[in-house]
Amino acid sequence: MGTGELQAIDDAVEATRLRQTDAPDSQVVRFGPEGALKLDSGHSLAPWQIAYQTYGTLNADKSNAVLICHALTGDQHVHNIHPVTGKSGWWDLMVGPGLPIDTDRFFVICANVLGGCMGTTGPASANPATGRPYGLDLPVVTIPDMVRSQAALIDHLGIESLFLVIGGSMGGMQVLEWAASYPERVFAAAPIAAGARHSSQNIAFHEVGRQAIMADPDWRRGRYLEEGTSPRKGLAVARMAAHITYMSEMSLHSKFGRRLQDRERLTFGFDADFQIESYLRHQGLSFVDRFDANSYLYVTRAMDYFDIGASHGGRLAEAFRGTRTRFCVVSFTSDWLFPTAESRAVVHALNAAGASVSFAEIVTDRGHDAFLLDEPELFAILRGFVDSAARARGLA
Amino acid sequence: MTRLDPLPQGAVPVGTGSEARVDLRVVAELVAPGSRVLDVGCGDGALLELLGRTRGVDGRGIELSQKGVNEAVARGLSVVQGDADTDLVYYPDNAFDYVILSQTLQATERPKQVLQHLLRIGRRAIVSFPNFGYWRLRSQILFRGRMPVTEDLPYSWYDTPNIHFCTIRDFVELTKEPEVNAVMEKAVALNAGGQKMSISAPWWFWNLFGEQGVFVLRRG
């Protein structure tokens, strides 16, 4: 990456983002020592906080709450202007008045994940023991830890049972974990473009990203916030590698082909001759403004550790034994990060457990990120699923 | 009677108008109230919905087409997009009281294996299929020398999803094969009007005049 392009990093945006760490532009619940969070690693986290957004109104019997679980680098700003980037909500196509997750009917909650950097306790948060940012002193967190922290938030809001838990990718992992850990608290569950475990190939890609961050001299063994540096190059490379896995060869080809960027012929050098190079550099750089490098290490690790079957004696069906939750599992034909086989494994386990499960594989060439895009078939099946579940729960 | 306008690719015709409903009603009458049912090749979920409404059934479905799955899910049904030939293996033994294969047997790659799975997954299997021994189909081959195309089987031979036709008599023989070893609890033949034919009629009569066969089987 050329150093000139790094000047494009917006220091003002980064400063705004750093302010979100402890005092986010959203609601936040702070838990003291009495609300210590037990982690899978054996550690106990206290004090800690969780930042969240809500949309719509909770009804009198608190039966219309929807929990949205965000993906790896998402956050709680599902359906509002993002306080750091100024962009609209990441699931504005799905969440809003009259949309499949209808904010006129449902009380929608989305929390920033544990280990994140938008107001929930993460590696950039102050370590109460030292007063300095945690850095790598924060215990490693897992998907079940994230779900446990969300359950604490749901308790705090006085909600006994969620009408729907929904999310894509890492969000879909959280959905499955919710259904396995708190079956009586989840009426309906929709894991999209996800799986019950992170595959070896996925772990491999994450490791490339983490190594890129840790190889950046500005990473300073995770202490960059105190040392006034930032592993921008490493984080941008990590994002570039990951971004490729979110698309498909077909979508890359149709979007970019081998077209050249702002030039007539090859330069016989290492500038971004091709549009795809320029696009990836842009994706990497704009990500650096809004995301914390250490958070990237923690959330990718959480995904890597995820394996619901392994934590239930190697039998995934055991995780869902006796469940009364209604499931709707969705995959995409061109998703090679979480291919349909991963979703089918979940469906087969749910079948074996006698669960009520629907499943559809949506035909699209847009790859893993299709769950964030305008996919009419996705909206159609989720609208049908959500509406019928709402009728079953007596929500008009 | 010949109808050539094609149905959507992958759809298996179950008759038209009131005939379809008679067919579904006949199957529904065979299901004990309150049971657990898996409908393999459930289409838009019409039978599952009927079973839920009239028999209080806890139903699940498998359907190949995206359109069918979407419509069934919108009806509030639990339907998995999948293929009878490859996905039944993942269902555990005795998971359902009934497994229904309605007008789908002839579209499967391996009807025998599918039938074995039905009998393994369900305590009972209900199978309905178009009878290729029906006299109108026989007469098309006999007199016109052409593969039959009818209102209920509207496809030309080269673009049909139906690849394994059988007669009522063929199916009965299949159920007796040692690997299948099914006990026939009930058998119903429907005539062209979708009406049940007399139980006292001999097999040859069903095989010639029955347009569809509906069977309730259990493991021997």
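Quick note: the coordinates plus some simple rules give every number you see, no bench work behind them. What you are looking at is a predicted structure, and each value in this text was computed from that prediction instead of being measured. Virtual Cβ from ideal backbone geometry, glycine too; neighbours counted across all protein chains shown.
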5 angstrom amide H check on A:VAL165, placed H, neighbours 5+ away: A:LEU67, A:ALA188, A:ALA189, A:ALA190
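About the Cα centre, and with charges only on the beta carbon of Lys, Arg (+1) and Asp, Glu (-1), how big is the dipole of chain A? Nearest 20 debye, please.
Numbers: 35 positive and 44 negative charges, 110 e Å.
Result for chain A is approximately 520 debye, rounded to the nearest 20.
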Spelling out what I want: for every residue of region B:186-191, take phi, set θ = phi - 60°, compute 6.51 cos²θ - 1.76 cosθ + 1.60 (Karplus), and round to whole Hz; glycine and proline get x. 8, 9, 10, 10, 10, 7
Long-range amide H partners of B:LEU38 with built H, under 5 Å: B:ARG60, B:TYR98, B:VAL99, B:ILE100
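Rounded to whole Å and sorted largest first, what semi-axes of the equivalent ellipsoid does the C-alpha gyration tensor of region A:311-390 yield via the square root of 5 times each eigenvalue?
Details: eigenvalues 113, 58, 13 Å².
The answer is 24, 17, 8 Å, longest axis first.
List the chymotrypsin sites (Phe, Trp or Tyr not before Pro) within region A:254-303 that DSSP assigns to loop and that have no more than 14 neighbouring Cβ atoms inside 10 Å.
On the way: sites: A:PHE256, A:PHE268, A:PHE270, A:PHE274, A:TYR279, A:PHE287, A:PHE291, A:TYR296, A:TYR298; in loops: A:PHE256, A:PHE268, A:PHE270, A:PHE291.
Counting only loop positions with at most 14 other Cβ atoms within 10 Å, the chymotrypsin sites (Phe, Trp or Tyr not before Pro) in region A:254-303 are A:PHE268, A:PHE270.
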Mind listing the long-range amide H neighbours of B:ARG219? Cut-off is under 5 Å, sequence gap 5 or more, other chains count too, H placed in the peptide plane at 1.01 Å from N. B:VAL183
Comparing A:PRO133, A:PRO183, A:PRO97, which has the greatest mean-square fluctuation in the GNM of chain A with Cα pairs linked when under 10 Å apart? A:PRO97
Relative contact order of region B:21-134, pairs being alpha-carbon contacts under 8 Å that are 6 or more residues apart, as %: 24 percent
What does the average come to when, for each residue of peptide B:74-85, you count the partner chain Cβ atoms lying within 10 Å of its Cβ? 6
Hull surface divided by four, with the convex hull built on the Cα atoms of the protein assembly as shown: how many nm²? 32.6 nm²
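At a threshold of 8 angstrom on Cα-Cα distance, excluding pairs fewer than six apart, so keeping six or more, what relative contact order does region A:7-107 reach in percent? It would help to have the intermediate numbers written out before the result.
Working: 114 pairs, mean separation 23.8, N = 101.
With pairs under 8 Å counted, the relative contact order is 24 percent.
Using only Cα atoms, what Kirkwood radius does region A:184-325 have, in angstroms? Show your work: numbers first, answer last.
Numbers: mean 1/r = 0.0556 Å⁻¹.
Computed over region A:184-325, the radius equals 18.0 Å.
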Taking beta carbons within 10 Å but only from partner chains, what does the mean come to for residues A:374-385? 3
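With N denoting the number of residues in region B:8-162, provide Rg(C-alpha) divided by 2.2 N^0.38 Å, to two decimal places.
Working: Rg = 15.7 Å, N = 155, 2.2 N^0.38 = 15.0 Å.
Rounded to two decimals, the normalised Rg is 1.05.
Taking a ≥ b ≥ c as the square roots of the Cα gyration tensor eigenvalues, with a/c under 1.5 meaning rounded and otherwise prolate when a/b beats b/c, else oblate, which class fits region A:1-108?
Details: a/c = 2.32, a/b = 1.19, b/c = 1.96.
The shape class here is oblate.
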How large is the charge dipole for region B:42-196, taken about the Cα centre, if only the Cβ atoms of Lys, Arg (+1) and Asp, Glu (-1) carry charge, to the nearest 20 debye? 560 debye
All-pairs alpha carbon distance profile, region B:72-220, 10 Å steps from 0, percent: 11, 38, 35, 15, 1
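Would you tally the net charge around A:VAL147, using a Cβ to Cβ cut-off of less than 11 Å, leaving A:VAL147 out, and scoring K and R as +1, D and E as -1?
Numbers: positive: A:ARG148, A:ARG185; negative: A:ASP40, A:ASP145, A:GLU177.
Result for the neighbourhood of A:VAL147: -1.
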Within 12 Å, Cβ to Cβ, of A:ARG259, how many net charges do the neighbouring residues add up to if Lys/Arg are +1 and Asp/Glu are -1? -1
³J(HN,Hα) across region A:249-266 via Karplus (A = 6.51, B = -1.76, C = 1.60, θ = phi - 60°), whole Hz, x for Gly/Pro? 4, 4, 5, 4, 5, 6, 7, 10, x, 10, 5, 8, 9, 6, 7, 8, 9, 4
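Pairs of Cα atoms under 8 Å, at least six residues apart: use those to get the relative contact order of region B:97-149, whole percent. Please list the in-between numbers first.
Numbers: 53 pairs, mean separation 19.8, N = 53.
Reported relative contact order: 37 percent.
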Express in whole angstrom the spacing between the alpha-carbon centres of region A:100-178 and region A:266-289. 33 Å
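What average count of beta carbons from other chains do you get within 10 Å of the Cβ of residues in A:351-363? Don't skip to the end; give the middle numbers.
Values: counts 12, 4, 2, 7, 2, 5, 4, 13, 10, 9, 4, 3, 1.
Mean inter-chain Cβ contacts per residue within 10 Å come to 6.
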With springs only between Cα atoms under 10 Å, which of A:CYS117, A:CYS69, A:CYS328 fluctuates most in a Gaussian network model of chain A? A:CYS328
Could you run the Karplus curve 6.51 cos²θ - 1.76 cosθ + 1.60 with θ = phi - 60° over region B:128-135 and give me ³J(HN,Hα) per residue in whole Hz, x for Gly and Pro? 10, 7, x, 7, 6, x, 4, 4
Within region A:70-96, what residues put their amide N at less than 14 Å from the label point 7 Å along the Cα-to-Cβ vector of A:ASP10? A:81-88
